[in-house]
Each structure stands twice: as structure tokens, then as C-alpha cells.
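Worksheet for the structure shown next.
The values are calculated or read from the model by the stated rules, or taken from the named source; none is laboratory data. Small disclaimer: the values here were computed from a predicted structure and weren't measured. Using ideal geometry, Cβ is built from the backbone for each residue, glycine included, and neighbour counts are taken over all protein chains shown.
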Amino acid sequence: MIGLMMQQPLLVASLLNHATRHHADQEIVSRRVEGDIHRYRFVDLGVRSRRLATALAALGIQPGDRVATLAWNGYRHLELNFAVSGSGAVLHTINPRLHLDQIAYIVEHADDRAIFFDLTFLPIIDALQARLSTPRLFVAMCDVACMPPLHDSLLCYEWLIDSHRSDYEWPSMDENTASSLCYTSGTTGNPKGVLYSHRSTVLHSYAGALPDAFNCSTRDTILPVVPMFHVNAWGLPFIACMVGAKLVLPGPALDGRSLYELIEAEQVTMSAGVPTIWQGLLAHVAEREGTFSSMKRTVIGGAPCPTSMAAQFQKVHNVDVLHAWGMTELSPLGTVCSLKPAQLALSEDERYAIQAKQGRAVFGIDMKIVDPNGKALSWDGESVGDLLVRGPWVASAYFGDTATSPLRDGWFPTGDMARIDRDGFMQITDRSKDVIKSGGEWISSIDIENIACLHPGVASATCIGVRHPKWDERPLLLVTRTKGSAVEKDELLSFFDGKLARWWKPDDVVFLDGFPLGATGKVLKNRLREQYGDHYTGFDASKQA
């Protein structure tokens with residue numbers, strides 16, 4: 001027997017329709033590439049998105065065509081999210097931090113019909129055009145007065161908006177129609193395209209807004225520091241429309257000072273970003289001996305959140321930290337570390353130990369850990385295995401390669417090693433490629449990094465496994481010091497005593513001014529392994545673990 005319910009497709013445009021009807025006057029604030037602050041309302045977003053959809057049709061963009069962006073978080077980029085996807089085309093957000101070769105590859109692979117770009121990225125566009133096999137439409141996201149000279153082939157975004165009508169009717173379509181396309185960062189090999197559907201995007205928005213996920217409502221002011229080109233800003237622009245929250249978009253200014261000024265001026269209550277961004281923000285706030293007047297919580301993901309960072313937010317500034325985990329292939333949300341009632345009564349140290357984990361699966365995501373033979377392991381907080389996931393917003397194949405499925409018996413292999421405790425809290429112990437094998441036993445680089453970051457003289461730390469003449473691999477700790485710190489190797493290595501198994505302790509420490517970062521702000525451990533792979537060659541055997 002089939003239920004007698006309406007068949008209403010879940011479409012991206014329905015999020016915008018809801019926001020414009022029920023939260024028409026809610027504000028959207030953007031710091032523009034031009035340097036000023038732009039303000040308008042959800043109702044204005046709706047009008048301009050429909051004008052842009054009309055312009056796309058006039059340019060010959062058809063349903064299913066890919067439309068690319070090279071842009072920061074701003075109101076024009078937000079309009080493209082709805083105009084492109086809402087009209088049945090596919091929005092392809094390109095990460096401008098990728099190497100030019102990779103950008104050219106994914107534009108060709110996606111067969112983008114048009115590329116919209118912020119003026120910041122004009123040099124990329126100039127270099128890119130000569131590498132493309134067929135002509136594309138290029139649209140500068142600015143007004144006519146700011147159009148770059150000697151670029152007659154470029155179209156002007158605001159001219160397109162002003163030249164077209166706002167009576168566009170969003171078409172109805174199958175909710176499984178593709179809505180957007182994101183490529184993995186491609187640290188090894190070519191990036192892979194993950195093709196989201198309208199259905200997956202709307203369901204992901206529902207899950208992300210839940211109280212035990214990002215806990216968003218119309219009473220929030222949301223600042224997605226994470227860029228829209230990093231998995232659709234983790235879905236926060238869509239969530240803001242769904243719940244009617246004020247949205248603050250930071251543009252290109254992501255330094256600590258700029259973010260702090262925006263947070264305070266707009267009274268931001270919730271934000272989200274990667275640890276490297278928060279490190280700069282916290283350093284700026286500490287230097288001016290300030291605090292946050294409105295911030296209630298921040299989501300930290302993209303890389304493990306050091307316990308020291310969570311403690312600084314919570315103890316010093318009274319800002320709750322939601323440690324989260326996900327992937328491009330998960331749209332990206334998989335887990336959020338939201339404490340259960342009984343855990344709130346634990347000691348501070350016990351709570352921080354839990355918050356170091358990536359958290360519980362949100363509704364819609366199933367997960368398990370398996371041994372090398374594929375056998376499911378116990379959720380005992382100790383067993384470590386390959387993390388597999390499945391759900392309605394998890395990729396089943398990669399764009400352009402549907403004949404080759406990445407799935408294992410219907411589960412997506414994340415490439416992460418993890419443990420899951422009895423309460424369902426998952427903790428990444430390492431990427432499969434980053435785990436350290438020493439003397440036939442596994443060592444978690446993330447556990448070592450978390451302990452190192454607890455030392456007051458350590459600003460950031462990363463741990464890699466490097467070749468060793470006796471033990472196959474041994475952990476090498478690489479550290480950046482806090483401002484004014486004079487911590488040295490022996491003091492830092494002694495700091496590990498009693499905090500982990502003796503044989504897990506790194507044999508050496510290298511102090512650096514900074515780490516090589518990838519396109520999404522993650523430390524490039526592969527590059528560090530190449531640079532320091534022979535560090536333990538000829539190492540004194542008397543000092544080995």
C-alpha cells in the first residue's frame with residue numbers, strides 16, 4: 001500500500017522561495033572584493049536570482065549545462081547558487097587555490113559552458129583561456145564601472161542583471177536532477193567530480209540545521225568563513241535560507257583582524273571554518289586582549305580540531321566548539337560532536353577528550369569500521385579500522401566515471417582510519433595514507449598532534465611517519481611556536497611523558513615557521529614526507545624507541 005501524500009520534489013529553488021516568502025526582510029551582508037560592505041534582504045536575493053536565471057537562458061545555458069564560478073563568499077556568488085541550480089543547470093564551484101593545471105583540467109573535464117569570476121581572479125582567467133580547447137563565456141562579477149580595461153570579450157555581471165526581467169518562473173523537475181558539482185582537492189592524481197542532486201542538497205540542509213548538528217534558526221547570524229568553493233560552504237547558505245537566519249559573507253578578507261571586525265559589527269552568533277582560519281582569529285583576539293560579544297558557537301572541520309583550540313574558544317571566550325567531520329563526497333556533513341546530556345556533567349578534561357572526537361553521525365548517515373578483510377569491528381572505543389559510510393547525500397560514483405563505482409558492498413570507503421565508542425562518537429585516528437607503522441604497530445599522528453598543541457609554546461603541530469633504519473617508520477613532530485615562545489626539543493618531548501605510550505612518542509622535533517597548505521587549508525603531509533623522509537637516516541640507535 002502506498003501512502004496518499006503529495007509528490008512535491010525537493011528542489012534548491014524551494015529554499016529560496018521559502019526564504020523570500022517567510023523571511024523577506026532578513027538581511028544578507030557581504031564584504032565585497034571592492035572592499036566595501038553590501039547589504040540587502042532575502043527578497044532582493046530572490047529578485048536578482050530570477051533576473052540572473054533569465055540572463056542565463058538568454059546566453060543559451062540549457063538544463064544540465066555546467067556553469068563554473070571562481071569567486072569568494074558574497075551575494076553575487078549566492079545568487080549564482082540559486083539562478084544556476086534553480087534553472088536546471090549545474091553550478092560548478094572551482095577552488096581558485098588549486099594549481100592552474102588542475103583548474104584547467106577540471107574546467108575541461110566538467111565541460112563548463114560559462115565561468116563567472118570575481119575580479120581577484122582575473123589573472124587566473126587570463127592564464128586559463130589559452131589552455132582551454134573550446135571557447136567559454138566569461139562573466140566578471142562586478143558592475144560596469146569596475147570592468148577591467150582591454151578585456152572586451154568579458155561580459156559584465158551587473159549588466160546581465162539589469163538587462164533582464166525578474167518574472168522568471170522556477171521550473172519543476174525531478175528532485176534527482178543534478179544541482180551542483182564540486183571537485184576533490186586532488187592532492188594525489190587528478191581531482192574527481194562529485195555531482196550533487198537537488199534532493200541530496202535539500203536533505204543535507206535539513207540535517208545540518210538540526211539541534212544536534214549546526215543548531216541553526218532564524219535567531220542566528222551565520223558567518224560561513226568556509227568558502228562556497230569548499231563543498232558549498234558546508235551547506236550553510238542553503239541552511240540560512242531554510243531557517244531564515246541572517247547571513248554574513250566575508251569575501252576575500254579572511255585574516256584574523258578582518259574576521260573579528262565583521263563578527264563584532266554584525267553580531268555573528270555562529271560561524272564555521274577550518275582550524276588554520278581560527279588560529280589566525282584567536283591570535284588576533286589575544287593580541288588585542290579582546291573577546292567575542294555575540295558568538296555562541298563555531299563549527300570546526302576540514303582537519304582535526306586541536307584540544308587546545310577548543311579550550312581557548314570555550315574557556316577564554318565562552319564560545320562552544322562543534323567539532324565536525326565530512327568529505328566532498330558527503331556533501332560534506334557526516335558527524336558533529338554534540339555532547340549528550342550525561343556527558344555535560346563530566347569533568348572539563350573528560351569533556352575535552354570527547355570533543356577531540358569528530359562526533360556522532362547526523363540522521364541520514366550510517367557508518368561502520370571494518371578490518372582489512374571487510375569484517376565489521378566493535379564500537380568499543382579501541383578497535384581501529386577503515387571508516388565506511390552511506391546515506392542519501394553520499395556519492396555513489398564520480399562525475400564522468402559512472403562505470404567505475406568506488407563503493408564497497410554499497411558503502412563508501414572514506415580513506416580514514418577511525419574508532420567508534422559505545423555512545424557512537426567517531427574519532428579519526430588518521431588518513432589511511434598518513435597512519436604511521438612502527439615495528440609492525442600503528443601509531444596515530446593525530447593523537448600526537450593533539451597532545452603537542454596542548455603545550456603553551458606550540459601554535460600548531462603536525463606529525464608524519466618517516467623512514468627509520470630499525471622500525472620501518474617513526475613519528476617526526478613538526479611544530480610552529482607561539483609568538484614569543486622559546487620551547488625547545490627536549491622540553492616538548494618531555495611534555496608527552498605519561499600522556500601516551502612511550503613508543504608512540506616522536507624521536508625528534510623540527511621547528512618551522514609554517515606548514516605547506518593545500519587548496520582547502522589542510523597541511524600537505526605528503527610534501528613534508530618528501531622533504532623529511534630521510535630525517536632518521538643514520539639516527540643514533542641508543543636514542544631509538
> Condition test on THR298, is it within 17 Å of the chain's Cα centre (by Cα) and in a helix (DSSP H, G or I)?
Replying inline: no
> Any chance the stretch 132-149 includes a residue that's more than 28 Å from ASP36 (Cα to Cα), surrounded by 13 or more Cβ atoms within 10 Å (Cβ to Cβ), within 25 Å of the chain's Cα centre (by Cα) and not β-branched (Val, Ile, Thr)?
Replying inline: no
>> Cβ-Cβ under 6 Å, sequence separation 6+ or interchain: first residue in the stretch 6-32 and at negative phi, partner in a helix (DSSP H, G or I) and of a type in the set (Lys, Arg). Which pairs?
In response: LEU10/ARG199
> Across the stretch 8-28, what is the number of residues that are hydrophobic (A, V, I, L, M, F, W, C) and surrounded by fewer than 20 Cβ atoms within 10 Å (Cβ to Cβ)?
Replying inline: 2
>> Looking at the stretch 239-258 only, could you name the residues that are in contact with a Gly (Cβ under 8 Å, 6 or more places away or on another chain) and crowded, with 24+ Cβ neighbours inside 10 Å?
In response: ILE239, LEU249, GLY251
> Has the stretch 391-406 got at least one residue that is at pLDDT 95 or above, over 29 Å from GLU264 (Cβ atoms), of a type in the set (Val, Ile, Thr) and not assigned by TED's automatic domain parsing to the domain that holds HIS109?
Replying inline: yes
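Matching residues to (1) within 19 Å of GLY251 (Cβ to Cβ); (2) not in a strand (DSSP E or B):
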{"position": "PRO9", "(1), (2)": "no, yes"}
{"position": "ALA13", "(1), (2)": "no, yes"}
{"position": "ASP25", "(1), (2)": "no, yes"}
{"position": "SER30", "(1), (2)": "yes, no"}
{"position": "ARG48", "(1), (2)": "yes, yes"}
{"position": "GLN62", "(1), (2)": "no, yes"}
{"position": "THR69", "(1), (2)": "yes, no"}
> Is it true that some residue in the stretch 420-432 is crowded, with 18+ Cβ neighbours inside 10 Å and without any contact (Cβ under 8 Å) to a residue 40 or more places away in the chain?
Replying inline: yes
>> Here is a check on your reading of the model: is ILE103 under 22 Å from VAL194 (Cβ atoms) and modelled with pLDDT under 95?
In response: yes
> Which of the residues spanning the stretch 264-293 are in a loop (DSSP other than H, G, I, E, B) and under 17 Å from the mean Cα position of the chain (by Cα)?
Replying inline: VAL274
> Do you know which residues across the stretch 313-325 are surrounded by fewer than 17 Cβ atoms within 10 Å (Cβ to Cβ) and assigned to a loop (DSSP other than H, G, I, E, B)?
Replying inline: ASN318
> If you check THR328 against the conditions, is it under 28 Å from ASP421 (Cβ atoms) and crowded, with 21+ Cβ neighbours inside 10 Å?
Replying inline: no
> Does any residue of the stretch 390-409 turn out to be in contact with an Asp or Glu (Cβ under 8 Å, 6 or more places away or on another chain) and acidic (Asp, Glu)?
Replying inline: no
> Does the stretch 110-129 contain at least one residue that is at pLDDT 95 or above, in contact with a Lys or Arg (Cβ under 8 Å, 6 or more places away or on another chain) and part of a helix (DSSP H, G or I)?
Replying inline: yes
> In the stretch 367-376, what count of residues is obtained for those that are surrounded by fewer than 19 Cβ atoms within 10 Å (Cβ to Cβ) and either in contact (Cβ under 8 Å) with a residue 40 or more places away in the chain or over 18 Å from GLY410 (Cα atoms) (or both)?
Replying inline: 1
> In the stretch 55-75, which residues are out of contact with any Asp or Glu (no Cβ under 8 Å at 6 or more places or on another chain) and of a type outside the set (A, V, I, L, M, F, W, C)?
Replying inline: GLY60, GLN62, PRO63, GLY64, ASP65, THR69, ASN73, TYR75
>> Looking at (1) within 31 Å of the chain's Cα centre (by Cα); (2) assigned to a strand (DSSP E or B); (3) surrounded by 15 or more Cβ atoms within 10 Å (Cβ to Cβ), which one does PHE515 not meet, given that it meets all the others?
In response: (2)
>> For the stretch 404-421, give me the residue count where each residue is part of a strand (DSSP E or B) and acidic (Asp, Glu).
In response: 1
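Residue-by-condition table, conditions (1) under 20 Å from the mean Cα position of the chain (by Cα); (2) closer than 16 Å to ASP371 by Cα; (3) among the hydrophobic types (A, V, I, L, M, F, W, C):
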{"site": "ARG408", "(1), (2), (3)": "no, yes, no"}
{"site": "TRP411", "(1), (2), (3)": "no, yes, yes"}
{"site": "ILE420", "(1), (2), (3)": "no, yes, yes"}
{"site": "ASP423", "(1), (2), (3)": "no, no, no"}
{"site": "SER432", "(1), (2), (3)": "yes, yes, no"}
{"site": "SER444", "(1), (2), (3)": "no, no, no"}
{"site": "ALA459", "(1), (2), (3)": "no, no, yes"}
{"site": "LEU478", "(1), (2), (3)": "no, no, yes"}
>> Considering only residues that are in a strand (DSSP E or B) and either modelled with pLDDT of 95 or more or touching a Phe, Trp or Tyr at 6+ places or on another chain (Cβ under 9 Å) (or both), which ones fall in the stretch 438-457?
In response: SER438, GLU441, ILE443
> Here are ALA397, ALA356, ALA403: which of them is under 30 Å from ALA178 (Cα atoms) and in contact with a Ser or Thr (Cβ under 6 Å, 6 or more places away or on another chain)?
Replying inline: ALA397
>> Cβ-Cβ under 7 Å, sequence separation 6+ or interchain: first residue in the stretch 405-418 and β-branched (Val, Ile, Thr), partner surrounded by 15 or more Cβ atoms within 10 Å (Cβ to Cβ) and at pLDDT 95 or above. Which pairs?
In response: THR414/LEU387; THR414/LEU388; THR414/VAL389
> So which of GLU266, GLU289 ends up being surrounded by 19 or more Cβ atoms within 10 Å (Cβ to Cβ) and acidic (Asp, Glu)?
Replying inline: GLU266
>> Can you pull out every residue in the stretch 490-512 that is touching a residue at least 12 places away in the same chain (Cβ under 8 Å), closer than 19 Å to ILE443 by Cα and outside any strand (DSSP E or B)?
In response: LEU492, LEU493, PHE495, PHE496, LYS499, LEU500, ARG502, TRP503, TRP504, LYS505, PRO506, ASP507
